[in-house]
Amino acid sequence: MLEARGLGKSFGQTRVLNEVSLEIAEGEIVAVTGPSGAGKSTLLHCLAGVIRPESGEVVLDGRRIDTLPEAELTKLRRENFGVVFQFGELVPELTAAENVALPMLFNRHGRQEAMSVAAEWLARLEVSDCADQRTGELSGGQRQRVAVARALVSGPRVVFADEPTGALDTLGGEQVMNALLGAARSSRTAVVLVTHDNRVAAYADREIALRDGAVLAGVDR
Ligand code: ADP
Ligand code: ADP
């Protein structure tokens, strides 16, 4: 469904990605692992259409996306992708429910529908009681659950998660991972999970290990 074909990317003199190829199937949970600086985040950003590779192709459902004009790429991202980062990246002045409703508003749903679907997702992630609180006031674990709800609310094909539990303790991390993967599995959403933490990688169906910008090995779990 989502494919990288021979991706290359440099920052200055540093070759960060070197001929990276991989394929992610519908509903598959994939962990991209490797030490700090291996190129994990850069690969994720290329796949998610946030940055453009210098060489190679990113292909979604048989269609090349890395060369789309910016406006089209933004629209494609909003319709097909969700993201969860280490610190949630929510809008702190908005309530949890408003944050979760945002992607639906961008996709031209009405406010009432968006708020009602947002409430359903907050319930699913067991953070209904945070719905009317500004996300700046929430705990790290609550924020990550809200971020997971926001990533999934538009029914994306793929959720990209970059160290989604990096700011949480072990228990909080387990709860967020279970919430993320439970919701993804039930909606056949693929998840690309970037992590240097083996405990997090253990949740994936498959591990893609990166070293110095190249795929070292693919390991089925
Ligand atoms: P990882 O996620 O595996 O830690 P990254 O993809 O974040 O690796 O980074 C790989 C290398 O690319 C690092 O050396 C990092 O400093 C460098 N890098 C990443 N993004 C940029 C950028 N925007 N500008 C310059 N260098 C960058
Ligand atoms: P991580 O490895 O956890 O993804 P980093 O601290 O490496 O986090 O990168 C965070 C952000 O900073 C990324 O968006 C990356 O592109 C950017 N970045 C990383 N290294 C550099 C760098 N040397 N110069 C400029 N931007 C960088």
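Note down the net charge around Asp197, summing +1 for each Lys or Arg and -1 for each Asp or Glu among other residues with Cβ under 14 Å from its Cβ.
Net charge around Asp197: -3.
Can you pull the percent of the chain's accessible area that's carbon plus sulfur, 1.4 Å probe, other chains left in place?
Numbers: 4860 of 10270 Å².
Roughly 47 percent, rounded to a whole number.
Given the convex hull of the Cα atoms of the chain, what is a quarter of its surface area in nm²?
11.6
Once you have the Kirkwood Rh of the range 106-154 from its Cα pairs, apply Stokes-Einstein at 37 °C and 0.692 mPa s and quote D in µm²/s.
The diffusion coefficient I find is 297 µm²/s.
For labels at Val50 and Glu137 in the simple 7 Å Cα→Cβ model, what's the distance in nm?
2.9
Heads up, I need the accessible area for Ser139: 1.4 angstrom probe, whole protein in place, Å², nearest 10.
Surface accessible to solvent at Ser139 totals approximately 60 Å².
Determine Rg/Rh for the range 61-110; Rg is computed over alpha-carbon atoms and Rh is the Kirkwood hydrodynamic estimate from the same atoms.
1.04
Taking 0.36 nm per residue of sequence separation and subtracting the Cα-Cα distance, how much length would be gained by fully extending the chain between Ser187 and Ala214, in nm to one decimal?
Once the chain is fully extended between Ser187 and Ala214, it gains 6.6 nm.
I'd like to check one number: the per residue accessible area of the chain, probe 1.4 Å, reported in Å² as a whole number. Walk me through the intermediate numbers first.
Details: 10270 Å² over 221 residues.
With the other protein chains kept in place, the chain gives 46 Å² per residue.
Can you give the accessible area of Glu70, probe radius 1.4 Å, in Å² rounded to 10?
The accessible area comes out at roughly 100 Å².
Could you work out the relative contact order of the range 51-153? I mean the mean sequence separation of Cα pairs under 8 Å and 6+ apart, divided by the number of residues, in percent.
Dividing the mean separation by the residue count of the range 51-153 yields 32 percent.
If amide hydrogens are placed 1.01 Å from N in the peptide plane, which non-local residues have theirs closer than 5 Å to the one on Ser55?
Amide H neighbours of Ser55, under 5 Å, 5+ apart: Gly8.
From the protein chains alone at 1.4 Å, what is the descending order of accessible area for Asp61, Asp162, Asp132, Asp205, largest first?
Asp132, Asp61, Asp205, Asp162
From the C-alpha gyration tensor of the range 150-214, pull out the three semi-axes of the equivalent ellipsoid (sqrt of 5λ each), sorted largest to smallest, in whole Å.
Each semi-axis is the square root of five times an eigenvalue, giving 19, 16, 10 Å.
If Lys and Arg each add +1 and Asp and Glu each add -1, what is the summed charge of the other residues whose beta carbon sits under 10 Å from the beta carbon of Ser21?
Cβ neighbours under 10 Å give a net charge of -3.
At what distance in angstrom do the alpha carbon centres of the range 83-138 and the range 1-46 lie from each other?
The distance from the Cα centre of the range 83-138 to that of the range 1-46 comes to 29 Å.
With an 8 Å Cα cut-off and a minimum separation of 6 or more residues, compute the relative contact order for the chain in percent. Before the final figure, lay out the partial values.
On the way: 454 pairs, mean separation 65.9, N = 221.
Normalised by residue count, the contact order of the chain is 30 percent.
At a probe size of 1.4 Å, how large is the accessible area of Phe81, to the nearest 10 Å²?
The accessible area of Phe81 comes to roughly 20 Å².
Across 10 Å bins from the origin, how do the percents of Cα pairs in the range 144-184 run, short distances first?
30, 59, 11
The values are calculated or read from the model by the stated rules, or taken from the named source; none is laboratory data. These figures come from a predicted structure and were not determined experimentally. Reconstructed Cβ throughout: ideal geometry from the backbone, glycine too, with neighbour counts over all protein chains shown. Accessible surface is based on the protein model in full, side chains and every heavy atom, while ligands, DNA and RNA are left aside. Shrake-Rupley method; radii C 1.70, N 1.55, O 1.52, S 1.80 Å.
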